[in-house]
1. If you scan the range 125-171, which residues turn out to be of a type in the set (S, T, N, Q) and free of Cβ contacts under 8 Å to residues at least 60 places away in the same chain?
2. Return the residue satisfying two criteria in turn: it lies in the range 103-144 and is in a strand (DSSP E or B) and out of contact with any Leu (no Cβ under 8 Å at 6 or more places or on another chain), and of such residues it is nearest to L15 (Cα to Cα).
3. Give the residues of the range 68-97 that are open to solvent by 20 Å² or more (accessible area, probe 1.4 Å), touching a strand residue (DSSP E or B) at 6+ places or on another chain (Cβ under 7 Å) and either more than 10 Å from ligand 2 (Cβ to nearest atom) or charged (D, E, K, R) (or both), sorted by residue number.
4. Under the condition of being of a type in the set (V, I, T) and surrounded by fewer than 23 Cβ atoms within 10 Å (Cβ to Cβ), which residue from the range 51-67 is nearest to ligand 2 (Cβ to nearest atom)?
5. With H134, H93 as the choices, which residue is touching a Cys at 6+ places or on another chain (Cβ under 9 Å) and modelled with pLDDT of 95 or more?
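The values are calculated or read from the model by the stated rules, or taken from the named source; none is laboratory data. None of these values were measured; they are calculated from a predicted model. Here the Cβ positions follow ideal geometry from the backbone for every residue, glycine too, while neighbour counts run over all protein chains shown. SASA here: full protein model, heavy atoms, side chains in, ligands and nucleic acids out. Shrake-Rupley method; radii C 1.70, N 1.55, O 1.52, S 1.80 Å.
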Amino acid sequence: MSDQRLPAVHSASQLDFISHSPAQTERVGQRLGEQLRPGDLILLMGTFGVGKTHLVKGIARGLGVTDLVTSPSFVLVNEYRAGAEHGAMPIYHVDLYRLAGAADLATLGLEELWEGRGVCLIEWPGRAEAMLPHDRLVIQIEHLSETKRHVRFVPHGARYLSLISSLRGGS
Ligand SMILES: Nc1ncnc2c1ncn2[C@@H]1O[C@H](COP(=O)(O)OP(=O)(O)OP(=O)(O)O)[C@@H](O)[C@H]1O
Ligand SMILES: [Mg+2]
């Protein structure tokens, strides 16, 4: 793993969408979800109520999840099960906003979540930054108006570069 960042490459490879509704944000998530594989790590950035959980709902739908997707609260991690066509892999939906302190972070066992069995989606990942691997897909959501959002995908590492190029190609 390298700390070397290549800003020019990242900016050329990033992908931007404007979403005009919660349903459209979910559809963007669904297209991404269809392509995810065990070991994938996705960080969802953006302020309160911007649409991170809506995007996760779409990702889950794309993975054939039939469980109800809700915001992780006291437990910090919700686990769903992908559909058979995605190997029924686990999907870990993490929200670190309510993380109380470093002790909590240590007891959560987060590392296991991105070590290959399933897909890991993290809202408010900042608290865990020091333990997160370099390779990840960052999704930044910005509020443009009451119903409009700017959704930006920023890939870090070869796996996510190829994921974004296949999303861009509409495949
Ligand atoms: N284009 C849009 N995409 C997503 N959500 C939208 C959009 N327009 C309006 N909304 C509304 O914004 C809110 C997004 O809520 P959501 O729980 O997904 O946000 P969040 O980023 O997960 O918040 P939190 O930081 O509290 O976890 C919902 O009320 C949704 O209806
Ligand atoms: Mg949320």
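1. The answer is S145, S162, S171.
2. Q140
3. Of everything in the range 68-97, those that are open to solvent by 20 Å² or more (accessible area, probe 1.4 Å), touching a strand residue (DSSP E or B) at 6+ places or on another chain (Cβ under 7 Å) and either more than 10 Å from ligand 2 (Cβ to nearest atom) or charged (D, E, K, R) (or both) turn out to be V77, N78, E79, R81, A88.
4. T53
5. H93
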